[in-house]
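The values are calculated or read from the model by the stated rules, or taken from the named source; none is laboratory data. Every value quoted in this text rests on a predicted model; they were computed, and no experiment measured them. So basically every Cβ, Gly included, is an ideal-geometry build from the backbone, and we count neighbours across all protein chains shown. Calculation scope for accessible area: heavy atoms of the full protein, side chains included, ligands and nucleic acids excluded. Shrake-Rupley method; radii C 1.70, N 1.55, O 1.52, S 1.80 Å.
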Amino acid sequence: MTSDAKRIEQLRREIRRHDYLYYVQVAPEVSDRRYDALFDELKRLEAEHPELIAPDSPTQRVGGRPIEGFAKVRHDPPMLSIDNTYNLDELREFDARVARTLGDEPYRYIAEPKIDGVAASLRYEDGVLTLAATRGDGRTGDDITANARTIKSIPLRLALGRSGEPEEIPRLLEVRGEIYWPKDAFAKFNAARAAAGADTFANPRNAAAGTLKQLDPKVAAERSLAFIAHGFGAVEPMTCNSAFEFIAMLKRWGVPASLHACLCDSADEVCKFIEQWAEKRYDLPYETDGAVVKVDSLAQRRALGATSRYPRWCIAYKYAAERAQTVLRDVSFQVGRLGTITPVAHFDPVQLAGTTVSNASLHNFDQIERLDVHLGDAILVEKAGEIIPQVVQVVTAKRPKDAKVIRPPGKCPACSGAAGRDEGGVHIRCMNPLCPAQLKERLRFFAGRNQMDIENLGPALIDQLIDKALVRHFADLYSLSAEQLTGLERMGEKSAENFLAAVEASKNRGLARLLAGLGIRHVGGRAADILARHFGDIDSLAAAGADELADVEEIGPVIAASVRQFFAGKQGREIIERLKAVGVKMLAEGGATPAGEGTLAGKTIVVTGTLENYTRSEVKELIKNLGGRSASSVSKKTAFVLAGVDPGSKVDKAKTLGVRIINEEEFTKMIGKSSQPSAFSKSQTDETADG
Ligand code: IVH
């Protein structure tokens, strides 16, 4: 080994040790500056010797390019949810059930604060991080490896113990825990965004979830998310019988795990733990709304078993939602993408569950009437599950004499157009289809990741495009020129070019995502998918009558009527014609049902290298549509590796494991003529209502 190679190894070891001390022991030995100096030296040496760069080097957390989509990952064993309770009597009933099942055996619990984060599973093979996945529905989640790698408290490879002595590391280790956005880092990030005039995130949990769903790991890398382990999935070999001991072992391997796990010998002790943490929990670096109580012995866990949703050895105690009293000062009105005008309450700032709140949505005017809330009223605000604050009650006894009734706006607060109740009478709507506030929201939605996915079309750019009347219709986006764009604020030549390329690329998202993006009432991602599959192209869909539409499986009369109304109206037809004229594709490529559906049923396939006929996300989607599953790493369970040009180390791994390797031509033959990429891809959020 050359001296540089030696130094690189030494630096990596040292950096890993400091990571361990910082993230697991929470007891750093060196200053940030010293740490940065080591890191910079390593980066410099690696730049001089690119051949020595290893994927698990501390410098390799952010990959080169954005990924194209999220492959699905199956959880085995599944990631179950936990049964909840809000009172201590129920907790004692849980304990009585445990005692009954275990008979005379002594047992104990481990109690921990419940972390309000995003559940994730990390897979280590021979000590190296190979896969990270979200919980998803518990059985299947998303492969978020690229984003998880950016999280500094997630070791890229398992460490040796503190003493530096090697410790038996399992062949396979699936660590389960929560990814969260530490409260401090979240507040800082939001403050910086606010200062830059960008929207702020409402709460750290959702923002962390959103971050993990970003395709570009650079975004995640900027957000200082963190991880804490609280359990495990498959472990081979499993050498201990106590969850508490296992946590200690995880820490020795360098995985941060709960610092506050507490062994309790009885329900009384558990209750004490819960009381102790009722207030202290606000000092934790993450949000927590309860405590998790688990039987410690793994053998006893097996004896207790699980229902289809919850293990019988575990329960979550939730603290009551916090309430605070304040005074309502003002109500403003926000206009949504379908014209819905949502009242928003502004009140004197109050501390609630550890944060200061001063606004809350009042949802609609029915809600205002139900609460009978007036301006100047004393109100009770609650933050249920520490998520979104709600106005829950008026303290009528304290109503001041001059309290004012809140009247629905007679006109739109954004465009002064007529406003009126919608059919159901619940919402007030702006009736002006050209209302700029609506158009902004519609455009934001149209460009959203699950719709037309136009990168860089953020709120600041949308504001400018609409305020300067450069865009009045969706179709106008496609006729923008570089000159028009470079005249805008914060838009250089390079960013204009990138933006135009993103707009151009969005023409090929296919019918399903276009339909989802149009903002037809009640047509969310799922309905759009079904309609696109069924009708195949926009003209067939536009020509369908309400009955024909309602006959489609899962499409009810409400959606059918709304689709009909859209295509029958002059405005809807015009939107479609104009988008067609600028070249937006309106075909559900792949046809109504792919011919070879099921061809890959039950097969796990790994794709590597560049393919000629498909992008990475297209081929993954195709595999999914044909019943298969695409995975990112090769194992014995892999059915075959599809290798394109310049395949990576995955081919080598396949060779070692004796897994079949095929090229693109063989793959096309295997799946027959149904190999067109289809437009039914990413799962979409069903955002059918606005506001
Ligand atoms: S133990 C069978 N411990 O809460 C699952 N879960 O609401 C056993 N969670 O899905 C999980 N903090 O993702 C456990 N200290 C903790 C936890 C915790 C948060 C999550 C977990 C679970 C969810 C249920």
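Answer yes or no as to whether Lys507 is modelled with pLDDT of 90 or more, assigned to a helix (DSSP H, G or I), out of contact with any Leu (no Cβ under 6 Å at 6 or more places or on another chain) and loosely packed, with under 15 Cβ neighbours inside 10 Å.
Numbers: modelled with pLDDT of 90 or more: yes; assigned to a helix (DSSP H, G or I): yes; out of contact with any Leu (no Cβ under 6 Å at 6 or more places or on another chain): yes; loosely packed, with under 15 Cβ neighbours inside 10 Å: no.
When the stated conditions are applied, Lys507 does not pass them.
Applying the criterion of being within 10 Å of the ligand (Cβ to nearest atom) and touching a helix residue (DSSP H, G or I) at 6+ places or on another chain (Cβ under 8 Å) to the residues of the range 99-133, the residue that is farthest from Glu287 (Cα to Cα) is Ile110.
Name the residue, out of Ala220, Ala194, Ala229, that is touching a helix residue (DSSP H, G or I) at 6+ places or on another chain (Cβ under 7 Å), part of a helix (DSSP H, G or I) and either surrounded by 15 or more Cβ atoms within 10 Å (Cβ to Cβ) or not aromatic (Phe, Trp, Tyr) (or both). Going through Ala220, Ala194, Ala229 in turn, just one is touching a helix residue (DSSP H, G or I) at 6+ places or on another chain (Cβ under 7 Å), part of a helix (DSSP H, G or I) and either surrounded by 15 or more Cβ atoms within 10 Å (Cβ to Cβ) or not aromatic (Phe, Trp, Tyr) (or both): Ala220. Considering only residues that are part of a loop (DSSP other than H, G, I, E, B) and open to solvent by 10 Å² or more (accessible area, probe 1.4 Å), look in the range 521-551 and name the one that is farthest from Leu443 (Cα to Cα). Here the residue is Gly545.
Under the condition of being within 16 Å of the ligand (Cβ to nearest atom) and not small (Gly, Ala, Ser), the residues counted in the range 135-150 number 6.
Scanning the range 66-98 for residues that are more than 16 Å from the ligand (Cβ to nearest atom) and touching a Pro at 6+ places or on another chain (Cβ under 9 Å), we see that the one that is least open to solvent (accessible area, probe 1.4 Å) is Ile67.
Of the strands (runs of 3 or more DSSP E) that lie entirely inside the range 300-381, those containing 2 or more residues that are open to solvent by 40 Å² or more (accessible area, probe 1.4 Å) and more than 16 Å from the ligand (Cβ to nearest atom) span 322-335, 340-352, 355-361.
The residue that is least open to solvent (accessible area, probe 1.4 Å), counting only those in the range 198-209 that are within 15 Å of the ligand (Cβ to nearest atom) and of a type in the set (A, V, I, L, M, F, W, C), is Ala208.
Here Tyr286 fulfils each of the conditions (1) out of contact with any Phe, Trp or Tyr (no Cβ under 9 Å at 6 or more places or on another chain); (2) within 12 Å of the ligand (Cβ to nearest atom) apart from (1). Pairs meeting the criteria (first residue in the range 343-364 and closer than 30 Å to Glu423 by Cα, second residue outside any strand (DSSP E or B) and not charged (D, E, K, R), beta carbons under 6 Å, at least 6 apart or on different chains) are Pro343/Leu362; Ala345/Leu362; Leu362/Ile368; Asn364/Val426; Asn364/His427.
Quick check, is Ser258 touching a residue at least 40 places away in the same chain (Cβ under 8 Å) and among the polar types (S, T, N, Q)? Yes, satisfied. Checked against the criteria, Leu212 does not count as in contact (Cβ under 8 Å) with a residue 12 or more places away in the chain, away from the ligand (no atom under 12 Å from the Cβ), farther than 30 Å from Glu68 by Cβ and in contact with a strand residue (DSSP E or B) (Cβ under 8 Å, 6 or more places away or on another chain). Going by the conditions given, is Asp296 touching a residue at least 12 places away in the same chain (Cβ under 8 Å), touching a strand residue (DSSP E or B) at 6+ places or on another chain (Cβ under 7 Å), within 14 Å of the ligand (Cβ to nearest atom) and charged (D, E, K, R)? So Asp296 passes the test. The number of residues in the range 394-428 that are free of Cβ contacts under 8 Å to residues at least 40 places away in the same chain, under 18 Å from Gln325 (Cβ atoms) and either surrounded by fewer than 16 Cβ atoms within 10 Å (Cβ to Cβ) or in contact with a Ser or Thr (Cβ under 9 Å, 6 or more places away or on another chain) (or both) comes to 5.
Selection of first residues in the range 32-57 that are within 22 Å of Ala148 (Cα to Cα) and of second residues that are part of a helix (DSSP H, G or I) and open to solvent by less than 100 Å² (accessible area, probe 1.4 Å), restricted to Cβ pairs under 6 Å at least 6 apart or on distinct chains, gives the following pairs, ordered by first then second residue: Tyr35/His18; Leu42/Leu11; Ile53/Glu46; Ser57/Arg12.
Under the condition of being more than 16 Å from the ligand (Cβ to nearest atom) and open to solvent by less than 30 Å² (accessible area, probe 1.4 Å), the residues counted in the range 232-244 number 1.
Taken together, the residues in the range 263-283 that are aliphatic (A, V, I, L, M), open to solvent by less than 10 Å² (accessible area, probe 1.4 Å) and either at pLDDT below 95 or farther than 19 Å from Arg97 by Cα (or both) amount to 1.
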